[in-house]
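Below is one structure; the comments refer to it alone.
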Amino acid sequence: MRAVTWHGRGDVRVDTVPDPAIQEQTDVIVEITSSGICGSDLHLIEVMAPFMSVGDVMGHEPMGVVREVGRDVTAVKPGDRVVVPFNISCGTCWMCAEGLQSQCETTQNREQGMGASLFGYTKLYGQVPGGQAEYLRVPFGNTLPIKVPDAPSDDRFVYLSDVVPTAWQAVQYAAIPQGGSVLVLGLGPIGDMATRIAKHLGAGQVIASDVVPERLARARRNGITVIDSTDQAEVVARVRDLTDGRGPDAVIDAVGMEAHGSPLAWAAQKASAVVPDAIMEKVMTVAGIDRLAALNTAIEAVRRGGTISLSGVYGGATDPLPLMRMFDKQIQLRMGQANVWRWVPDILPLLIDGDPLGVDEFATHRVPLEQAPEAYANFREKKDGAVKVLLQP
Ligand SMILES: NC(=O)c1ccc[n+]([C@@H]2O[C@H](COP(=O)([O-])OP(=O)(O)OC[C@H]3O[C@@H](n4cnc5c(N)ncnc54)[C@H](O)[C@@H]3O)[C@@H](O)[C@H]2O)c1
Ligand SMILES: [Zn+2]
Ligand SMILES: [Zn+2]
């Protein structure tokens, strides 16, 4: 089959790789019809490169049609339309029962000291082949795939794999009071969706910061108050003006480890690019640092006693945090990979009844799998208005 494969920093290609096959009798094989490119994929071709290998199949936001099922699969059958969550979770362990699918005890990567495996991700998360491909092997066929109706088109359901549950969890963790205020940092797919969900769930004032013109324009069209800057002092000053001088009740960081505005950490991350990956892998696990500009803005901007919700991914082992400031301001901090299945029962009915979150028009680009290298480059450079790209094999 054809699949998007990792070849190095900034280098993804479309290669022919072996078709996946049933390995366990609870596996299913899904023929992929749509698969998103995510901000997390960009970390893999930059900062997280030391944890990747040439030939790894990328992608963790797929949906498609079940083509083959193992003997013990009863929950889905060939022909069923399914979305595949980005967490590989068993659905039956203690953590899954608690709604903490990103910590699934069946797939936790204990030798790495990390949580549940993820599709199309690093050695830290199991290095499992991903879904930017024609076919995907999905384990736990009775509990992992999300069955969705045969209509309407893929756009309606594909974001159930990651974007909508991630943004939903970001908003839940932000604990915005009814009618309260939230600042969303970053208007990539995750931040943009978080603004929509915050409004949908009753936030009174939704403010967002970014500098990419198309992303700001999109949010403005949805009635979001935008700040066209990512400079900490400016964002903090403008958001205070909008919130009685106090700061918002909550801040959602939808940026993560590759924020602009962190020159020192940026230089360290760049320098790491010339160190052999085998060495860098060790250095990063004990001494890695992130670009913390967005998180620092969140800490300064949030009101005293407010909540910061991190959905942007961080990977530093020794990040310096202003704990005195955080303690003094009595900040509450919640974070983590989204627990996709935790939120499916809340989200799926919304997608079936109509389109209150505007997912039908959410993608800016739908391109054939073969054009993945150009699509990645555009998304990475934020060119050609690329906000959300769907690959369609
Ligand atoms: N927690 C999860 O389960 C989960 C799931 C999916 C994605 N993510 C993470 O969410 C983050 C965003 O993903 P995305 O797909 O929206 O990516 P993206 O790269 O398209 O979006 C990031 C946006 O942040 C903006 N930005 C950069 N620095 C900023 C700053 N200092 N202040 C404000 N905005 C700034 C950029 O201009 C960009 O528009 C990534 O870190 C990704 O790994 C987490
Ligand atoms: Zn993703
Ligand atoms: Zn589990």
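The values are calculated or read from the model by the stated rules, or taken from the named source; none is laboratory data. This structure is a prediction, so every number in the text was calculated from the model and none was measured. Cβ coordinates were reconstructed from backbone atoms using ideal geometry, including for glycine residues, and neighbour counts include every protein chain displayed. With ligands, DNA and RNA removed, areas are computed over all heavy atoms of the protein, side chains included. Shrake-Rupley method; radii C 1.70, N 1.55, O 1.52, S 1.80 Å.
Structure above, values below:
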quantity	calculated
Single residue of segment 25-63 satisfying the filter (touching a Pro at 6+ places or on another chain (Cβ under 9 Å) and more than 16 Å from ligand 2 (Cβ to nearest atom)) that is nearest to LEU390 (Cα to Cα)	THR33
Single match in THR107, THR92 (criterion: open to solvent by less than 30 Å² (accessible area, probe 1.4 Å), more than 15 Å from ligand 2 (Cβ to nearest atom) and within 13 Å of PRO139 (Cβ to Cβ))	THR107
Selection count where residues are more than 16 Å from ligand 1 (Cβ to nearest atom) and touching an Asp or Glu at 6+ places or on another chain (Cβ under 6 Å), scope segment 64-93	7
Residues (in a loop (DSSP other than H, G, I, E, B) and closer than 20 Å to VAL340 by Cβ) located in segment 62-73	VAL73
Complete set of residues in segment 237-262 that are within 29 Å of HIS43 (Cα to Cα) and either among the charged types (D, E, K, R) or surrounded by fewer than 20 Cβ atoms within 10 Å (Cβ to Cβ) (or both)	ASP253, GLU258, HIS260, GLY261
Lone qualifier among GLN337, GLN392 - being within 16 Å of ligand 3 (Cβ to nearest atom) and open to solvent by 10 Å² or more (accessible area, probe 1.4 Å)	GLN337
Residue match in segment 49-59 (condition: of a type in the set (S, T, N, Q), within 16 Å of ligand 3 (Cβ to nearest atom) and open to solvent by 20 Å² or more (accessible area, probe 1.4 Å))	no
Subset tally (residues that are more than 16 Å from ligand 2 (Cβ to nearest atom), farther than 17 Å from THR106 by Cβ and in contact with a strand residue (DSSP E or B) (Cβ under 8 Å, 6 or more places away or on another chain)) for segment 68-89	9
Strands (runs of 3 or more DSSP E) (entirely within segment 287-391) containing at least 3 residues that are among the aromatic types (Phe, Trp, Tyr)	none
2 or more residues more than 9 Å from ligand 1 (Cβ to nearest atom), at pLDDT below 95 and open to solvent by less than 10 Å² (accessible area, probe 1.4 Å): qualifying helices (runs of 4 or more DSSP H) within segment 153-217	none
Residue within segment 101-114 that is at positive phi, in contact with a Leu (Cβ under 9 Å, 6 or more places away or on another chain) and more than 16 Å from ligand 1 (Cβ to nearest atom) present	yes
Among (1) modelled with pLDDT of 95 or more; (2) open to solvent by 10 Å² or more (accessible area, probe 1.4 Å); (3) out of contact with any Lys or Arg (no Cβ under 6 Å at 6 or more places or on another chain) - the single one PRO20 does not satisfy	(3)
Condition met for ASN109 (free of Cβ contacts under 8 Å to residues at least 24 places away in the same chain and within 16 Å of ligand 3 (Cβ to nearest atom))	yes
Subset of segment 31-46 (residues that are of a type outside the set (Ser, Thr, Tyr) and open to solvent by 10 Å² or more (accessible area, probe 1.4 Å))	GLU31, GLY39, LEU42, HIS43, GLU46
Single condition SER102 does not satisfy, out of (1) open to solvent by 60 Å² or more (accessible area, probe 1.4 Å); (2) not in a loop (DSSP other than H, G, I, E, B)	(1)
Unmet criterion (only one of (1) open to solvent by less than 50 Å² (accessible area, probe 1.4 Å); (2) away from ligand 2 (no atom under 16 Å from the Cβ); (3) farther than 30 Å from GLN103 by Cβ; (4) touching a residue at least 12 places away in the same chain (Cβ under 8 Å)) for ARG366	(1)
